[in-house]
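The values are calculated or read from the model by the stated rules, or taken from the named source; none is laboratory data. Keep in mind that what you see is a predicted model, and the values were worked out from it rather than measured. Cβ: placed from backbone, ideal geometry, glycine included. Neighbour counts: every protein chain shown. These area figures cover heavy atoms from the full protein model, side chains too; ligands, DNA and RNA do not enter into them. Shrake-Rupley method; radii C 1.70, N 1.55, O 1.52, S 1.80 Å.
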Amino acid sequence: MTAKEEPLFPIVVLGGGAAGSAVLNALGDAGLAADTALVEPSPYHYDQPEWVRVGTEGRDKADTRSPRHANIPSATTWIQKSATGIQPDEQIVNMDDGTAVRYEHLVVALGIETLWDRIRGLKSSLGDQGVCSVYGYEQAERTWEMIRSFSGGRAIFTAPSTPHKGGGAPLQILRRAESLWRDTGTRAQTELVFAVAAPTGLKEGAYDDLSRDGDKDDVHVYTGYDLIEVRHEAQEAVFSVTKGRSQTRQVLPYDLLHVVPPMRPPALLEESGLAHRDGPMKGYMEMRPESFQHARFATVFGVGDALGVEGEKTGERAREQAASVAQALLRLRAPNK
Ligand SMILES: Cc1cc2nc3c(=O)[nH]c(=O)nc-3n(C[C@H](O)[C@H](O)[C@H](O)COP(=O)(O)OP(=O)(O)OC[C@H]3O[C@@H](n4cnc5c(N)ncnc54)[C@H](O)[C@@H]3O)c2cc1C
């Protein structure tokens, strides 16, 4: 296919998650739905924050997903494919089946990827013998079965070393499990551990309310504890522990282990030259924080978890960014509307 044969859309949105679908709906409200194409392989839209309730309240997981077409304006073209490359100079997006589309404006809303494989032994043990996570549609339901039937012992909840989506979700999951175990009477037989990979608390004093020295209801907060291996048969969690300049290993037996996996920005951003090349935002999309426009390619905008911005990665934030980007596109494309 030559460049001229590739279909051209005024606006192409990559990814139809919380951020992408918010952009599409705002563009739809502004009368730009027919000018817009969505590139998104998944037939479903997932309400990821609700996975916490699936895992800690027993909400039906099927309620957290809906058909993709219900979340995009009917006049928008849905290209049900994965993007495999972005050529920002040529304004082209390549797809996994060898086809491509051209764009006048691109909105990158690819989210972040979860890296289950980065923790040795985790993927094969998820959902079995106390190893669980609400950070996935399939796993969330099994988490509820494990939390509900927990009869006491040591319960470890982790937070990863990488930026993660969901802001305070790792701690919120612990809190919800603890509240249930108080109701069922299991809390008194439970040693609760919050193992945080960051060497110090996320914010000064962030866990002060968890630890009350000597109280039997303490939550033991271990900072600098980065989960690196799950020994499923032995029910042992192996942590790389950083204290100041020293690094050691600690093996903690568990009866329940809730894991928030490490995450990373989509490799596509780095491969396409759209990502920060170094520094703390390496791999995340480089953009101007005041406009969400790419720092070097004026036809490219970004929204959601894939952006190289400080702070928490949440759907709430993604939707605010989406509203700004839709406004900017509206000014560029339909200044009289
Ligand atoms: C357990 C959990 C709890 C959370 N709790 C909260 C909360 O309480 N409050 C809150 O505000 N937020 C919460 N979040 C975070 C929130 O879900 C995310 O911040 C939000 O979904 C980010 O939106 P996004 O569109 O950037 O990414 P996503 O919603 O992840 O969407 C990314 C989309 O890109 C698509 N995609 C990926 N690769 C490609 C490709 N190559 N080509 C085309 N499409 C692609 C994916 O299929 C997906 O649809 C939680 C998340 C989780 C997992």
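The figures follow:
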| quantity | calculated |
| --- | --- |
| Cα→Cβ-extended label distance, 7 Å offset, between Lys282 and Glu6, nm | 3.0 nm |
| Amide proton proximity set for His45, modelled H, under 5 Å, gap of 5+ | Ser66, Arg68 |
| Alpha-carbon Rg/Rh ratio, for the chain, with Rh computed the Kirkwood way | 1.02 |
| Top of Ser149, Ser21, Ser82 by mean-square fluctuation, Gaussian network on the chain, Cα under 10 Å | Ser149 |
| Interchain or long-range residues, amide H under 5 Å from Leu257's placed H | Val131, Cys132, Ile156 |
| Relative contact order (percent, whole number), the chain, Cα cutoff 8 Å, 6+ residue spacing | 21 percent |
| Candidate aspartates and glutamates - alpha carbon under 16 Å from Lys81, same-chain residues fewer than 8 apart omitted | Glu6, Glu40, Asp96, Asp97 |
| In sequence order, calculated HN-Hα J values of the range 218-234 (Karplus, 6.51, -1.76, 1.60; Hz; x Gly/Pro) | 3, 9, 7, 9, 9, 8, x, 9, 9, 5, 10, 8, 10, 9, 5, 4, 7 |
| Average accessible area per residue (Å²) across the range 114-260 - probe 1.4 Å, nucleic acids and ligands excluded | 48 Å² |
| Karplus (6.51, -1.76, 1.60) ³J(HN,Hα), θ = phi - 60°, over the range 272-286, in Hz, Gly and Pro reported as x | 8, x, 9, 9, 4, 8, 8, x, x, 9, 3, x, 7, 5, 7 |
| Excluding exposed DSSP-loop GluC sites (Glu not before Pro) (at most 15 other C-beta within 10 Å), longest clean stretch of the chain | 91-203 |
| Over the range 114-260, equivalent-ellipsoid semi-axes from the Cα gyration tensor in Å | 21, 20, 15 |
| Approximate spin-label separation Asp97-Glu236, in nm, with each point projected 7 Å along Cα-to-Cβ | 5.0 nm |
| DSSP-defined beta bridges in the chain - what % are antiparallel, rounded to 5 | 45 percent |
| Long-range HN-HN contacts of Glu113 with modeled amide H, under 5 Å | Arg264 |
| The range 112-164 and the range 290-337: distance between their alpha carbon centers, rounded to Å | 32 Å |
| For the range 102-116, Karplus couplings with θ = phi - 60° (6.51, -1.76, 1.60), whole Hz, Gly/Pro x | 9, 9, 8, 10, 10, 10, 8, 9, 8, x, 10, 9, 8, 10, 4 |
| Difference of contour (0.36 nm per residue) and Cα-Cα distance, Ser82 to Asp60 | 5.1 nm |
